[in-house]
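This report concerns only the one structure given below.
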Amino acid sequence: MSDPVAQLIFLIIKAIVMPVLIILIVAFAIFFERKFAGFFAGRVGPTYLGPWGSLQSFGDIFKLISKEDLIPAKSDKPVFKLAPYIAFVPVFLVMAVIPFGPVGGEANLFGYRFDYVIASFDAGLVLFLAMGAMAVYGVVLGGWSSNSNYSLLGGLRAGAQMISYELAMGFSAAGVMLMAGSMSLIDIVDGQAGNFWDWYWIPQIVGGLVFFVASIAELNRTPFDLAEAEQELVAGHLTEYSGMRWGMFYFAEYVNLVVVSMIVSTLYLGGWRAPLEVLDFIPGPIWLFLKICFLIFVYMWVRWTIIRYRYNQLMSIGWKVLLPLSIANLLVTAVVISAVN
Amino acid sequence: MSGTQDTQGLVPAAQALSRRPSLEELRERKDRTRRHLEPTGDVMTISMGPQHPSMHGVYRAVLDLDGEVILAVRPEIGNLHRGVEKLCEHRTYHQIIPLTDRLDYISGFAMNHGFCEAAEKLMGVEVPARGRYIRTMTHELCRISNHILWLGTSIMDLGTQTFFTICFRDREYVLDLFEMLTGARMTHSFARIGGVAKDLPDGFDHRCRKVIDFLPKRLAEYERIIKQNRIFLKRAKNVGIFTSEDCHAWRVTGPTLRAAGIARDLRKDEPYAAYPEVEFDVAVEYNADVYDRFLVRMKEMRESCKIIRQCLDKMPPGPFLAPDAAHSLPMKKNVLRDSAAMIQDFYQVFRGPQVPRGSVYRCVEAPKGEMGVYIRSEGGAKPARVRFSTPSFYHGQAVPALVEGEMVADMIAIFASVDVVLGDCDR
């Protein structure tokens, strides 16, 4: 078997296993979200299905699939049906470029080279930003096509919010790009070789925080969950969706949660690298998994602790605080790097 | 503040100078915080309610929006109308008491109490001291349970659900006390004409003291969470300013009025039950915004704990029901032992109290505001007309004045901050 054939087989395996793994993580992320929400609120959370209620998500999915698919009579039907897919597909594509272990080097599996990434893509970071921008369309179109005022307001809020936060996100990610000298996520992780103090979170602490805050907005979670805003807009852009179409939005949100956690750990927390070099014997995917778990926990913690911003406050934070901070961070990084070189 | 306030219920001048923004200043601030948009052609009309997550029941507000800014609100009530006032005309005075629970079901005893105070005034019944103290204590427990529920739901309306369940946990302690005292958790029907239904049960004193020792600590913790939360301050400060003159114009009372700097509290101004005999302060704040309404209610809960403690300390011995055979029921424990009590029981249950002709108006300080009861009697056991003037009705009608020019998200916060319960509003 020649190397290209082996690579193709590996690729197919990775392309199947990776989404399945992510879906499993998502299923348990949903379960843990509810469990944590319960703990924070002095309740117990789900307990019935499976040990400790751990199979709750599968019960949810089964329920959602078996529910009637309601489509409002006066909605724009093709767009209404398309919107969940637009929200759903892009978040999966980002997975392809995130490295979950060492890439390149010599043969490490049955005499062949196994790269721990699905697609070795030069502009992985740009792909992530682009796909994030794509996913907004799902929300906006879903809100617009529902022919409901609540949905429309939710969709508009989501559109305005994500556009303004994506700018801050892009600028703060550009700081990392400059430090690594590459837009490839593989190179970015390689640039963070060493112990945990060699990772980018120390030199890029400002950018990292801005990226984290902007990512909460990108994920549509409290305090920036204005698109859904249950207490104001009932369910925002999701108001008219039911059954599995609603489920796809919901699912996309959690896949996005996992993917954004992966990106944050790749950019700032050394990706798949061990925090100390002596711990390198533990394989990379496990470290990445632990970092994702940590970040998901932080996102949930924030969500169940903080109250929601008002729409105009959210916009002013995005444009007046986060964007200037991220641009300043980019400038300082650029000056320091050119001074060092 | 007791003893220092003048006859109009205004705070003294020295205090006013240090903390209180003048009415002009508040007016100007209100004008500045509201957005004044010219209505254009692009008005979006949204029907918020009667089924909406944060309409606290079945309130319906038809909003005209320009973007996110509210241009006009048309409130619609009546979805929970049960004809309580008409039902009252076909019941004896004793039978009306359970109906009043269902007005403001969050604070049922306050409603019982208001009705009984009015009926007693009409009949000229004197409530014995123990009855008055038990009423005062129960009323304040009611206020605590109402305000804790309000705290949880209004913070939930600002966007987090965690706080909601935490507040419910603490409300549970108060509801357990109610269960012990009255046998019911929400609709207690505990007041009777001439007193209360039952005496304090064994061990109540001890349990009640435990709860009121423990609650202020929890409340301090909540207050710290609220005061230190920057997002909360941003959402609540200078939002929904409603000056004292607005309050007067719309007959808004209770904590909303007190947050506008007017120390109007019927417990002080027109005392009833055992309120003249206990020491407490009227909670007043001066900025008339959502944040100050929070502070007023937090203070009020602490004052309620103080009142309850004093009631328990001073709890006088003796009967808890007036020994007035013509108007009030006998004490239940005597009914099967004492023939006179048995006769009184039959008489009251089958014929009802014999009430002179006349009309009466009495109001009490319910947790949500002033709860007035008007009764017109043409003699006999049934009133000719009963009219409840409940706070939520007036607060609900003031919503357009409260929220026009604010944003949708603020409307939810403001609506929550004036505390409306639709059972109370629609009756």
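If I filter region B:396-408 down to residues being away from chain A (no Cβ under 14 Å) and out of contact with any Phe, Trp or Tyr (no Cβ under 8 Å at 6 or more places or on another chain), which single residue comes out as surrounded by the most Cβ atoms within 10 Å (Cβ to Cβ)?
So, considering only residues that are away from chain A (no Cβ under 14 Å) and out of contact with any Phe, Trp or Tyr (no Cβ under 8 Å at 6 or more places or on another chain), the one surrounded by the most Cβ atoms within 10 Å (Cβ to Cβ) is B:E404.
Rundown of residues vs (1) within 14 Å of another protein chain (Cβ to nearest Cβ); (2) assigned to a helix (DSSP H, G or I); (3) surrounded by fewer than 19 Cβ atoms within 10 Å (Cβ to Cβ), yes/no style:
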{"residue": "A:I12", "(1), (2), (3)": "no, yes, yes"}
{"residue": "A:I16", "(1), (2), (3)": "no, yes, yes"}
{"residue": "A:P19", "(1), (2), (3)": "no, yes, yes"}
{"residue": "A:F31", "(1), (2), (3)": "no, yes, no"}
{"residue": "A:F39", "(1), (2), (3)": "yes, yes, yes"}
{"residue": "A:P46", "(1), (2), (3)": "no, no, no"}
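Would region A:276-285 turn up any residue that is part of a helix (DSSP H, G or I), out of contact with any Asp or Glu (no Cβ under 6 Å at 6 or more places or on another chain) and crowded, with 24+ Cβ neighbours inside 10 Å?
no
So which residues in region B:217-231 are modelled with pLDDT of 85 or more and within 20 Å of A:T222 (Cβ to Cβ)?
Within region B:217-231, B:Y222 is the sole residue that qualifies.
Checking the conditions here, which among B:L65, B:L122, B:L80 is within 14 Å of another protein chain (Cβ to nearest Cβ) and either among the hydrophobic types (A, V, I, L, M, F, W, C) or crowded, with 24+ Cβ neighbours inside 10 Å (or both)?
Within the list B:L65, B:L122, B:L80, the selection yields B:L65.
If you scan region B:39-58, which residues turn out to be of a type outside the set (V, I, T), under 23 Å from B:I155 (Cα atoms) and more than 14 Å from chain A (Cβ to nearest Cβ)?
The one that is of a type outside the set (V, I, T), under 23 Å from B:I155 (Cα atoms) and more than 14 Å from chain A (Cβ to nearest Cβ): B:G57.
In region A:73-85, what count of residues is obtained for those that are surrounded by 20 or more Cβ atoms within 10 Å (Cβ to Cβ) and within 22 Å of the chain's Cα centre (by Cα)?
Residues meeting the conditions: 2.
Kindly indicate whether any position in region A:211-228 is farther than 23 Å from A:N312 by Cα and of a type outside the set (V, I, T).
no
For region B:96-144, which residues satisfy the criterion of being in contact with a Lys or Arg (Cβ under 8 Å, 6 or more places away or on another chain), more than 17 Å from B:C363 (Cα to Cα) and not in a helix (DSSP H, G or I)?
B:R102
Could you check how many residues of region B:164-186 are β-branched (V, I, T), within 14 Å of chain A (Cβ to nearest Cβ) and buried (at least 18 other Cβ atoms within 10 Å of the Cβ)?
Matching residues across region B:164-186 total 1.
Taking the conditions exactly as written (among the hydrophobic types (A, V, I, L, M, F, W, C), outside any helix (DSSP H, G or I) and closer than 27 Å to B:F388 by Cα), does B:A249 satisfy them or not?
For B:A249, the condition - among the hydrophobic types (A, V, I, L, M, F, W, C), outside any helix (DSSP H, G or I) and closer than 27 Å to B:F388 by Cα - is not met.
Looking at B:F415, is it within 14 Å of chain A (Cβ to nearest Cβ) and either under 17 Å from the mean Cα position of the chain (by Cα) or closer than 19 Å to B:I97 by Cα (or both)?
The answer is yes for B:F415.
Quick check: is even one residue across region B:197-211 under 20 Å from the mean Cα position of the chain (by Cα) and at pLDDT 85 or above?
no
Test of understanding: among A:Y137, A:Y165, A:Y150, which residue is farther than 23 Å from A:A274 by Cβ and within 14 Å of chain B (Cβ to nearest Cβ)?
Matching residue, one of A:Y137, A:Y165, A:Y150: A:Y150.
Need pairs with beta-carbon distance below 7 Å; first residue without any contact (Cβ under 8 Å) to a residue 24 or more places away in the chain and within region B:198-215, second of a type in the set (A, V, I, L, M, F, W, C) and exposed (fewer than 14 other Cβ atoms within 10 Å of the Cβ); sequence gap 6+ or separate chains.
Close Cβ pairs satisfying both conditions: none exist.
Looking at the structure I just gave you, is B:E221 more than 12 Å from chain A (Cβ to nearest Cβ), surrounded by fewer than 23 Cβ atoms within 10 Å (Cβ to Cβ), on the phi < 0 side of the Ramachandran plot and of a type in the set (D, E, K, R)?
Against the criterion (more than 12 Å from chain A (Cβ to nearest Cβ), surrounded by fewer than 23 Cβ atoms within 10 Å (Cβ to Cβ), on the phi < 0 side of the Ramachandran plot and of a type in the set (D, E, K, R)), B:E221 qualifies.
Kindly check whether there is at least one residue in region B:245-252 that is of a type in the set (V, I, T), over 30 Å from B:E126 (Cα atoms), under 21 Å from the mean Cα position of the chain (by Cα) and away from chain A (no Cβ under 14 Å).
yes
Collect the residues in region B:123-140 that are at pLDDT below 90 and touching a Ser or Thr at 6+ places or on another chain (Cβ under 8 Å), keeping them in residue-number order.
Listed by number, the list holds a single entry, B:V125.
Residues checked against (1) among the hydrophobic types (A, V, I, L, M, F, W, C); (2) under 26 Å from the mean Cα position of the chain (by Cα):
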residue	(1), (2)
B:N334	no, no
B:R351	no, no
B:C363	yes, yes
B:E370	no, yes
B:P400	no, yes
B:M407	yes, no
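Please work out which residue is surrounded by the fewest Cβ atoms within 10 Å (Cβ to Cβ), limiting yourself to region A:291-331 and to residues that are more than 10 Å from chain B (Cβ to nearest Cβ) and of a type in the set (K, R).
The qualifying residue surrounded by the fewest Cβ atoms within 10 Å (Cβ to Cβ) is A:K320.
Can you tell me which of (1) within 13 Å of chain A (Cβ to nearest Cβ); (2) without any contact (Cβ under 8 Å) to a residue 24 or more places away in the chain is the one B:L233 doesn't meet?
For B:L233, the exception is condition (2).
Do we find that A:Y309 is at pLDDT 80 or above, under 24 Å from A:F28 (Cβ atoms) and not basic (K, R) in this structure?
no
Determine, yes or no, whether B:E370 is modelled with pLDDT of 85 or more and surrounded by 21 or more Cβ atoms within 10 Å (Cβ to Cβ).
yes
Can you tell me how many residues in region A:219-238 are within 11 Å of another protein chain (Cβ to nearest Cβ) and more than 18 Å from the chain's Cα centre (by Cα)?
7
The values are calculated or read from the model by the stated rules, or taken from the named source; none is laboratory data. Remember, it's a predicted structure, so these values are computed and weren't measured experimentally. No Cβ is skipped: glycine too gets one built from the backbone with ideal geometry, and neighbour counts run over all protein chains shown.
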